[in-house]
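Only one structure is covered here, and it is reproduced in the block below.
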Number of protein chains: 2
Amino acid sequence: MPRSLHITSLTNPRIKQVVRLREQRHRRKLGLFIAEGSREITRACAAGLPIVELYHCPELLDQPGRHDSAAINRLATGLPADALVAELPAAVFRKIAYVREPEGVLAVIPQPTWSWDDLPAAATSPLCLVTVGIEKPGNLGAMVRTADAAGAAAVVTAGAVVDPFNPNAIRTSTGAVFTLPTIAASEAEAIDRLTTLGYRIFASTLQQAVPHTDVDFTGPTAIVIGPEDVGLADAWLAAADRTAGRRVHIPMHSRTVDSLNAAAAAAILLFEATRQRHR
Amino acid sequence: MPRSLHITSLTNPRIKQVVRLREQRHRRKLGLFIAEGSREITRACAAGLPIVELYHCPELLDQPGRHDSAAINRLATGLPADALVAELPAAVFRKIAYVREPEGVLAVIPQPTWSWDDLPAAATSPLCLVTVGIEKPGNLGAMVRTADAAGAAAVVTAGAVVDPFNPNAIRTSTGAVFTLPTIAASEAEAIDRLTTLGYRIFASTLQQAVPHTDVDFTGPTAIVIGPEDVGLADAWLAAADRTAGRRVHIPMHSRTVDSLNAAAAAAILLFEATRQRHR
């Protein structure tokens, strides 16, 4: 049985710490993240991630159409002895809740830790997505979801401002960030590692690029998507030339727009790779 | 020269009307929308849409790194005589601004009006995207952008809760909603019209569907994307069977996720169609 307590004060140190977990630097320092709502928590549990703190609010949970407190109690009693279960009044729960209409249950969970060792060897011809300079957590989560759907082995976030355990990234990933390795690195480190590991770098660019349907994505493939406004730095283009990858572009047939958003470009390139790999 | 005035009151009726244009029902009633910021306004002008009211705030515009008032003055003096140009103090401009850090310029513009007549004849083998039951304006805008990039002739929004002239939809479309015909209809009307016009309906579903890379998207193609949670209604699947279209699915190779988000699915299907049409 886990430890159980009631917290009634908005200024309780645990409450303050949960609120701070909305910030990337606190998540990184503590190696924790928050999963809110029964669907997200269930996904995290299914991924084998252990709950260390569970906060619930019977007042909110017992509202019509919400999950019942009994289910949460079953989840709570199944937690290990060193976990913490805390019951909160609605006013305190709303303080830690990230969503506007909280369901009444929130968990604090250790982040899975991944490293370059989680990238499969080039000899197995893996598929990998590299997102460069991504600024919006919702976009990052959406791309991790798409990468998972395409059968990618990992996502490298190079020079990212956001992390995959931002609450919005978790939500738009529909849980993919719980299981798909995501590796944060500087752009220089990412280029260096991918090259050393033997990946072919496919840099999405308009500079001297070939149509994405004309390149071979069946080898050890790193698809690199840059920031929409400025595009990829020259170092990525040079890496594409050097690694037997290619500079690729998605041909446009538009009347107005001159580019795709990063998540759409990732989806198109990843599923072109998937099409080639499974035909 | 357009009429020019200073508005200083937060309760000015014009100010109130601009604020109301954030709501779909007011946009629809008045046939107007708001474009905020010089980039969006420039795109609307490039699309041939006439500005009827231009609101600007020298205080905000003259901040470092912002567009200068002189450029706005040139735009303003080029407007026709029946347009209105109003200068606002920052407090009043912030009330009409939609974005958090307003640039200091906002235009009221008549919505382009499209109808089923804007859908090309089936004989020309057009490509068309149909989004069903879409709830998030950002998603709708992103899909209109992707459809434009893929060379689609139009987007049909069937049973949509949001409209393409929602400020968030305009923003994520990067101006595609200014030029690509978007036609709102009930689901029943959309099925009826597309069928009558001779389109082949390709319904995205998991029910008795074939992989998207195995179907022929080169004819008169309507790609139909349903709501993520509930999927497409049976009427769409029946329409696919009846119109020489297909029920299509995008094969998943995931470890965790069981679906793609609607915008990613639209991108993958539209660009598979584009691949087939331009090889």
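Structural remarks
- Residue B:245 falls short on exactly one of the conditions (1) more than 14 Å from chain A (Cβ to nearest Cβ); (2) closer than 30 Å to residue B:41 by Cα; (3) open to solvent by less than 20 Å² (accessible area, probe 1.4 Å), and that condition is (2).
- Residue B:153 closer than 26 Å to residue B:241 by Cα and either out of contact with any Phe, Trp or Tyr (no Cβ under 9 Å at 6 or more places or on another chain) or not assigned by TED's automatic domain parsing to the domain that holds residue B:268 (or both): yes
- For the stretch B:198-216, residues that are under 23 Å from the mean Cα position of the chain (by Cα) and hydrophobic (A, V, I, L, M, F, W, C) total 3.
- Residue within the stretch A:47-56 that is within 21 Å of residue A:101 (Cα to Cα), surrounded by 13 or more Cβ atoms within 10 Å (Cβ to Cβ) and touching a His at 6+ places or on another chain (Cβ under 8 Å) present: no
- Qualifying residue in the stretch B:27-42 (condition: touching a Leu at 6+ places or on another chain (Cβ under 6 Å) and in a loop (DSSP other than H, G, I, E, B)): no
- Residue match in the stretch A:209-219 (condition: closer than 16 Å to residue A:160 by Cα, assigned by TED's automatic domain parsing to the domain that holds residue A:133 and either open to solvent by less than 10 Å² (accessible area, probe 1.4 Å) or in a loop (DSSP other than H, G, I, E, B) (or both)): no
- Residue match in the stretch A:140-161 (condition: in contact (Cβ under 8 Å) with a residue 40 or more places away in the chain, in contact with a Leu (Cβ under 8 Å, 6 or more places away or on another chain), open to solvent by 20 Å² or more (accessible area, probe 1.4 Å) and of a type outside the set (Asp, Glu)): yes
- Of all the listed residues (A:135, A:189), the sole one being over 12 Å from the mean Cα position of the chain (by Cα) and part of a loop (DSSP other than H, G, I, E, B) is A:135.
- All of B:69, B:9, B:38 fail the test of being of a type in the set (Ser, Thr, Tyr) and loosely packed, with under 14 Cβ neighbours inside 10 Å, apart from B:9.
- Positions within the stretch B:258-279 being in contact with a Phe, Trp or Tyr (Cβ under 7 Å, 6 or more places away or on another chain) and within 8 Å of chain A (Cβ to nearest Cβ), in sequence order: B:268, B:272
- Whichever residue in the stretch A:162-178 is hydrophobic (A, V, I, L, M, F, W, C) and buried (at least 21 other Cβ atoms within 10 Å of the Cβ) and, among such residues, is nearest to the other protein chains (Cβ to nearest Cβ): A:176
- Some residue of the stretch A:200-215 being more than 14 Å from chain B (Cβ to nearest Cβ), at negative phi and touching a His at 6+ places or on another chain (Cβ under 7 Å): yes
- Whichever residue in the stretch A:88-103 is open to solvent by less than 60 Å² (accessible area, probe 1.4 Å) and not β-branched (Val, Ile, Thr) and, among such residues, is nearest to residue A:37 (Cα to Cα): A:103
- Residue match in the stretch B:187-194 (condition: buried (at least 24 other Cβ atoms within 10 Å of the Cβ), of a type outside the set (Val, Ile, Thr), within 14 Å of chain A (Cβ to nearest Cβ) and out of contact with any Asp or Glu (no Cβ under 8 Å at 6 or more places or on another chain)): no
- Any pair with Cβ under 8 angstrom, 6 or more apart, that starts in the stretch B:31-52 at a residue that is outside the structural domain of residue B:180 (by TED's automatic domain parsing) and ends at one that is acidic (Asp, Glu): B:36/B:103; B:37/B:103; B:38/B:103; B:52/B:82
The values are calculated or read from the model by the stated rules, or taken from the named source; none is laboratory data. Bear in mind the structure is a predicted one, so any value in this text is a computation, not a measurement. Reconstructed Cβ throughout: ideal geometry from the backbone, glycine too, with neighbour counts over all protein chains shown. To get the accessible areas, we keep the full protein, side chains included, count just its heavy atoms, and leave off ligands, DNA and RNA. Shrake-Rupley method; radii C 1.70, N 1.55, O 1.52, S 1.80 Å.
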